[in-house]
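Written out below as structure tokens is the structure these notes cover.
The values are calculated or read from the model by the stated rules, or taken from the named source; none is laboratory data. Note that the structure is a prediction, hence the values are computed from the model and not measured. Here the Cβ is made from the backbone with ideal geometry for all residues, glycine too, and neighbour counts use every protein chain on show.
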Amino acid sequence: MRDLLYVFLFVLVSTPAAMADGQIEAEYRQSVMKSIGGHMSSMVTILKNQVHIQDLSLHAQGIAALADVAPKVFPEGSDIKKSRALPDIWEDRAAFDEAMNRFVSAAKEMPGAAASGEMSQIGPALSKLGKTCKGCHDNYKSE
Ligand code: HEC
């Protein structure tokens, strides 16, 4: 663990801060998306099977926190070969940002719904959130 920290610090001091590496940006984006996906599927598993209910709020908060990160992980130059992000993202950024904003606002509603403990609030909030994933993936992510 400590070795890893040293490696990290070494990389940090030896890399010019301004260098925007598309490869790294895309890798980070994919990790962020996986984290979002992890919280999402955790919530679905919890609700479908009624297990670990006490963790629902944690995942709702996790996804809401990641909603602050997601808009920043699509910088110019990060549409590299190993990415499934489609060029349309950067060709019509305004339309993409709208899809992103729909996700952000749905994600921000999730913690409140989870905290209510009411399925009548949780269900619709989760389905609204799920639609925003699909809404973006359908247009901006290749298979
Ligand atoms: C505004 C657009 C947008 C929204 C909203 C969005 N995604 Fe994504 N997602 C993408 C794009 C683009 C990729 C492909 C990224 C890449 O390959 O560089 C992606 C990739 C992913 C991946 C694959 C990551 C990998 O590389 O293994 C998962 C999982 C994922 N998204 C889950 C979700 C979930 C769950 C939601 C909703 C809660 C969501 N996404 C919302 C655009 C979006």
Task: Boolean, Glu98 is of a type in the set (Asp, Glu) and near the ligand (Cβ under 9 Å from one of its atoms) - done: yes
- [ ] Keeping to segment 113-133, report how many residues are surrounded by 14 or more Cβ atoms within 10 Å (Cβ to Cβ) and either without any contact (Cβ under 8 Å) to a residue 24 or more places away in the chain or not hydroxyl-bearing (Ser, Thr, Tyr) (or both).
- [x] 11
Task: Condition met for Arg102 (touching a strand residue (DSSP E or B) at 6+ places or on another chain (Cβ under 6 Å), of a type outside the set (Gly, Ala, Ser) and either in contact (Cβ under 8 Å) with a residue 12 or more places away in the chain or under 18 Å from Ser35 (Cβ atoms) (or both)) - done: no
Open item on the list: Can you pull out every residue in segment 72-119 that is charged (D, E, K, R) and closer than 20 Å to Ala60 by Cβ?
Closed with: Arg102, Lys108, Glu109, Glu118
Open item on the list: For the condition within 10 Å of the ligand (Cβ to nearest atom) and in contact with a Pro (Cβ under 9 Å, 6 or more places away or on another chain), what is the one hit in Val44, Val32, Val73, Val104?
Closed with: Val104
TODO: Specify which of the listed residues (Gln54, Gln61) is in contact with a Pro (Cβ under 6 Å, 6 or more places away or on another chain) and more than 9 Å from the ligand (Cβ to nearest atom).
DONE: Gln61
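Can you go through Lys141, Lys72, Lys131 and tell me which one is over 17 Å from Ser31 (Cα atoms) and within 15 Å of the chain's Cα centre (by Cα)?
Of the residues listed, the single one that is over 17 Å from Ser31 (Cα atoms) and within 15 Å of the chain's Cα centre (by Cα) is Lys131.
Considering only residues of segment 134-143 that are surrounded by 13 or more Cβ atoms within 10 Å (Cβ to Cβ) and in a helix (DSSP H, G or I), which is nearest to the ligand (Cβ to nearest atom)? Reasoning before the result, please.
Of all residues in segment 134-143, those surrounded by 13 or more Cβ atoms within 10 Å (Cβ to Cβ) come to 135-137, 139-141.
Within this subset, residues satisfying the condition of being in a helix (DSSP H, G or I) are 135-137, 139-140.
Values: Gly135: 7, Cys136: 3, His137: 6, Asn139: 8, Tyr140: 5 Å.
Once the filter is applied, the top-ranked residue is Cys136.
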Task: Odd one out for Ser127 among (1) at pLDDT below 95; (2) in a helix (DSSP H, G or I) - done: (1)
